[in-house]
1. So which residues in the stretch 208-250 are modelled with pLDDT of 80 or more, surrounded by 12 or more Cβ atoms within 10 Å (Cβ to Cβ) and in contact with a Pro (Cβ under 9 Å, 6 or more places away or on another chain), if there are any at all?
2. List every residue pair whose Cβ atoms sit under 9 Å apart, with the two residues 6 or more apart in sequence or on different chains, where the first one lies in the stretch 177-191 and is more than 15 Å from residue 201 (Cα to Cα) and the second, anywhere, is assigned to a loop (DSSP other than H, G, I, E, B).
3. What's the number of the condition residue 162 fails, among (1) farther than 15 Å from residue 238 by Cβ; (2) surrounded by 14 or more Cβ atoms within 10 Å (Cβ to Cβ)?
4. With 133, 180 as the choices, which residue is in contact with a His (Cβ under 8 Å, 6 or more places away or on another chain) and outside any strand (DSSP E or B)?
Amino acid sequence: MYKLTLVTTERLMKEWNSPIYAFFDPTPAIEIIHGHRAHAFKCMAKGCKVQIHQFLDKKDARSTSNMQKHVKSCWGDEVLQACDDANNAEEVQTKIVTSILQSRSITASFERKRKGKVTYSHRQHTHTEMKGFQCLMKTGRPEYYIPSPQMISRDVKLVFAQMRKRIAKMLGEYEGKMNFTTDAWTSENHRPFVAFSVHLEHEGVPLSFPLDIIEVTSSHTGEQLAIVFADMLKEFGILEKVGYETVKQNLHTDLTNRC
């Protein structure tokens, strides 16, 4: 198996005008299969290792039916339909990509064809609409991988959990003084919240970062906030450094001064 030369590739690509070629590596490999030479087009979808073969010594050497079947199963029906709207592979790979790079806007590559008022929706995409969004974002860049909202949510929670462990370890090993600040408020839907942050000096550098934002199930009394604060310190493993009575007294003083 070997790569085609640049000159041969440029010559053959002039015949590859179907938009379906945009979903495969534009530089195919040459394979010898049972004595027959064939172009091996690798799918550009992330994680896909499928190669579609076009045998050069057969009558259907330019047939793209196998490519269309794979794009339908790998990318989806809506992506294949969107591909059919383009005139050729060059339009998908070059015209749209160039427009995005130059104008930083994908709308420059599209012409409005229907009449009527343009409306906008700010609601979250449904599962079906996400397919259309993927198609729009991958136009001209079919090899791009766009994570799902569920994956992003999972990764954010994982990062939060890992950083929480690192902060807990850092505070547990810290031997100096730590100053805590708090702020409580009620949201527009009448749900009370309280936020806590810590301030300290680490290796001569002052540090300040939030620890947690907690929904308080009861009223914002000094004692209740002290209980919530103590529970948070316990989760970080530093309650013994402060002591519950100290927490209760200092928080009560802070709330009194604010009032």
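The values are calculated or read from the model by the stated rules, or taken from the named source; none is laboratory data. For clarity, every value in this text was computed on a predicted model and none was experimentally measured. Don't worry about glycine lacking a Cβ; one is built from the backbone with ideal geometry, like all the others, and counts go over all protein chains shown.
1. 216
2. So the pair list comes out as 184/216; 184/220; 185/220; 186/220; 191/216.
3. Looking at each condition in turn, residue 162 falls short on (2).
4. Details: 180 fails: outside any strand (DSSP E or B).
Answer to the check: 133.
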